[in-house]
Amino acid sequence: MTAASATRTPAIRIEGMSKWYGAFQVLADIDLTVMPGDRLVVCGPSGSGKSTLIRCINRLEEHQEGTITVDGIRLDENTRNIDAVRKEVGMVFQQFNLFPHLTILENCTLAPRTVRRMSKSDAEARAMHYLHKVRIPEQAGKYPGQLSGGQQQRVAIARSLCMDPRIMLFDEPTSALDPEMIKEVLDTMTDLAQEGMTMVVVTHEMGFARRVADRVVFMDRGRIVEQKPPEDFFNAPEHPRTKLFLDQVL
Ligand code: ADP
Ligand code: MG
């Protein structure tokens, strides 16, 4: 850790965190620190707890033990803290979750207008800015059903950015896409990374992890088994389960 990073507030700090679904322990003793500008890729077998982990970061799920602090805000029962954190954290899901009865532009302006109380014209200007950024401004007047999966996912990213998040969480954003559309979404995410966005990305796209991540976190059975820079993760995985996983996905 450099002197500068020692004094900065982590974007996300998770310490000794555990979570249960009923009697089933889904996350065990998770320690994870994400500094501003970090790009983390989280991978691991299906059912290892990746979605649950990132859903805990914006309190879509509650943890039972340990602490989660997002940009200095402690996540606990305090609903004001939860609201504050949700304003800072954008989330993109495997299923794009766009509102089918709203146009692309309306999908992007809804939350800024209702949550942030922006004027219609300001919200539309901002939406167009981000639709340009994800390279589909010409789709603004269409409905989600008229767009390809890749385009819809880029709208979902633009919609999140319209809320000015400081951190973006992605949960397998390309897993529901046809192969030819994966690249356009990964390219959009790469642009975002290059602009310095703090990102936590659950993905099995190991090429993206190599190119874009500065750390890869490997999870298995609710635990973080290994976390390393991509060169080390891919070239010198230490844990047998990591090796097994890499043999399957590479
Ligand atoms: P991943 O994203 O790595 O595939 P998940 O976080 O979705 O893993 O799930 C981890 C484990 O928790 C799985 O065994 C899954 O069946 C279980 N699980 C997920 N959501 C729930 C839930 N709402 N209630 C009970 N068990 C759940
Ligand atoms: Mg998942």
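Which helices (runs of 4 or more DSSP H) does the stretch 99-205 wholly contain that include 3 or more residues that are under 21 Å from L60 (Cα atoms) and either under 22 Å from the mean Cα position of the chain (by Cα) or in contact (Cβ under 8 Å) with a residue 60 or more places away in the chain (or both)?
104-114, 149-161
Can you tell me which residue is surrounded by the most Cβ atoms within 10 Å (Cβ to Cβ) among those in the stretch 29-50 that are more than 10 Å from ligand 2 (Cβ to nearest atom) and among the β-branched types (V, I, T)?
This residue is V41.
If a residue has to be of a type in the set (V, I, T) and touching a helix residue (DSSP H, G or I) at 6+ places or on another chain (Cβ under 6 Å) to count, how many in the stretch 69-108 make the cut?
First pass over the stretch 69-108, keeping only residues of a type in the set (V, I, T): 69-70, 73, 79, 82, 85, 89, 92, 103-104.
Those left that are additionally touching a helix residue (DSSP H, G or I) at 6+ places or on another chain (Cβ under 6 Å): 70, 73, 92, 104.
Of the residues in the stretch 69-108, 4 are of a type in the set (V, I, T) and touching a helix residue (DSSP H, G or I) at 6+ places or on another chain (Cβ under 6 Å).
Quick test for you: out of V26, V89, V70, pick the one residue that is within 16 Å of ligand 2 (Cβ to nearest atom) and at pLDDT 95 or above.
Being within 16 Å of ligand 2 (Cβ to nearest atom) and at pLDDT 95 or above holds for just one of V26, V89, V70, which is V26.
Name the single residue that is surrounded by the most Cβ atoms within 10 Å (Cβ to Cβ) among those in the stretch 206-248 being part of a strand (DSSP E or B) and of a type in the set (K, R).
R215
The values are calculated or read from the model by the stated rules, or taken from the named source; none is laboratory data. All of these numbers come straight from a predicted model, not from anything done at the bench. Neighbour counts are summed over all protein chains in view; Cβ atoms, including those assigned to glycine, are modelled from backbone coordinates with ideal geometry.
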